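Here's the structure, in structure tokens; my notes come after.
The values are calculated or read from the model by the stated rules, or taken from the named source; none is laboratory data. Bear in mind the structure is a predicted one, so any value in this text is a computation, not a measurement. Glycine also receives a Cβ, built like all others from the backbone with ideal geometry; neighbour counts cover every protein chain displayed.
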Amino acid sequence: MFHSKSAKLAVINQDQAELSDCQALAKELAIPLYLSTDKNNNEDFFLSYQDGCLKLLDKHSLIKNALMVNIEPRSGEQHSYPAPRKNNLAKALGRKTKTVIDATTGWGQDALFIFRMGYQIQCFERSPIMAVLLKDAFLRLSHLKWVQELALNLPQLTHGNAIELLTQLKIAPDCIYLDPMFPPKRKKSALAKKPMQVLHKLLGQDDDKEQLFITAMTATAKRVVVKSPDYAEPLGGKPNESFKGKLLRYDVYFKH
Ligand SMILES: C[S@@+](CC[C@H](N)C(=O)[O-])C[C@H]1O[C@@H](n2cnc3c(N)ncnc32)[C@H](O)[C@@H]1O
């Protein structure tokens, strides 16, 4: 069942999508299904299959600016596998790290980058809507030629609250990666990109991030990495290491 703190959602069967896929999705999330757009619908967001992807649309831009989980390499990223590990994220994950859990997968951009750098990655996401968008993306990923040719282990997605899932692990990962939602900075120039703005509108703040951090420190084998905006206080107090970029940093906490 879909619960949102502030936004309402429906499935919309716009063009060529299979009706049965839309019906199954609406049933899974327990939300209405519409067969066409109608100005009287009072939902804020719609899920829709378009061009072979599941997309999230907001009511102000029903066709334009649809959002989906992008499985392509980031701009400037080398198109080879594994992608080089010279960036701040890789430094924070640690040279000896092989296995990573992304406990706050969201739009999957960090998780997919971690995957392309050659780590084994497991993904947790508690929002049912983000979970269905990620599921669709990981299915598309499994169809990519290079992924099939290299017979790669795909990111494994579990829908649920990481605070619970992390206490049930059979094998501790080398690293647990956290990127919870921080309150946005007021200044207009610092507005987050559209996908993150939508996530804020859909899900609100992650008010239990301190609890998530404590649970992650217990569950990890070696380290926890927290991605933070530059203006935010470190989530777990003074980190052991910190890798700073222009607008964000990766705080690293070692398990003792
Ligand atoms: C800022 S977004 C993460 C963005 C992500 N790193 C990316 O690259 O797209 C935070 C996400 O973490 C999820 N989240 C927060 N706390 C969680 C928890 N305790 N368990 C599972 N998911 C959680 C939220 O639902 C949200 O989708």
Next item on the list: State which residue pairs qualify: first residue under 16 Å from residue 99 (Cα atoms) and inside the stretch 160-186, second residue assigned to a helix (DSSP H, G or I) and of a type in the set (Lys, Arg) in any location, beta carbons under 6 Å apart, and separation of 6 or more residues or different chains.
Entry: none
Next item on the list: Give the number of residues within the stretch 141-180 that are part of a loop (DSSP other than H, G, I, E, B) and farther than 21 Å from residue 90 by Cα.
Entry: 9
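Residue by residue, here is whether (1) closer than 27 Å to residue 246 by Cβ; (2) in contact with a Lys or Arg (Cβ under 7 Å, 6 or more places away or on another chain); (3) assigned by TED's automatic domain parsing to the domain that holds residue 135 holds:
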site: 67; (1), (2), (3): yes, yes, no
site: 70; (1), (2), (3): yes, no, no
site: 73; (1), (2), (3): yes, yes, no
site: 79; (1), (2), (3): yes, no, no
site: 92; (1), (2), (3): yes, no, yes
Margin query: Among the residues that make up the stretch 236-256, is at least one of them at pLDDT 95 or above, among the hydroxyl-bearing types (Ser, Thr, Tyr), assigned to a helix (DSSP H, G or I) and more than 27 Å from residue 135 (Cα to Cα)?
Written below: no
Next item on the list: Would you be able to tell me the number of residues in the stretch 84-125 that are more than 10 Å from the chain's Cα centre (by Cα) and under 19 Å from residue 69 (Cα atoms)?
Entry: 8
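Can we say residue 125 is without any contact (Cβ under 8 Å) to a residue 60 or more places away in the chain, not assigned by TED's automatic domain parsing to the domain that holds residue 227 and not hydroxyl-bearing (Ser, Thr, Tyr)? Lay out the reasoning, then the answer.
Values: without any contact (Cβ under 8 Å) to a residue 60 or more places away in the chain: yes; not assigned by TED's automatic domain parsing to the domain that holds residue 227: no; not hydroxyl-bearing (Ser, Thr, Tyr): yes.
Spelling it out, it is not the case that residue 125 is without any contact (Cβ under 8 Å) to a residue 60 or more places away in the chain, not assigned by TED's automatic domain parsing to the domain that holds residue 227 and not hydroxyl-bearing (Ser, Thr, Tyr).
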Checklist line | Residue check, residue 99 out of contact with any helix residue (DSSP H, G or I) (no Cβ under 6 Å at 6 or more places or on another chain), within 20 Å of residue 220 (Cβ to Cβ) and within 10 Å of the ligand (Cβ to nearest atom) | finding: no
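Could you check the stretch 77-91 and list, in sequence order, the residues that are small (Gly, Ala, Ser) and either touching an Asp or Glu at 6+ places or on another chain (Cβ under 7 Å) or more than 16 Å from the ligand (Cβ to nearest atom) (or both)? Give the steps one after another, and end with the answer.
Taking the stretch 77-91 as the starting set, the residues that turn out to be small (Gly, Ala, Ser) are 80, 83, 90.
Answer for the stretch 77-91, where residues must be small (Gly, Ala, Ser) and either touching an Asp or Glu at 6+ places or on another chain (Cβ under 7 Å) or more than 16 Å from the ligand (Cβ to nearest atom) (or both): 80, 83.
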Notebook entry, point to check: Only one of 227, 193 is within 16 Å of the ligand (Cβ to nearest atom), under 24 Å from residue 91 (Cβ atoms), surrounded by 20 or more Cβ atoms within 10 Å (Cβ to Cβ) and not aliphatic (A, V, I, L, M); which?
Noted result: 227
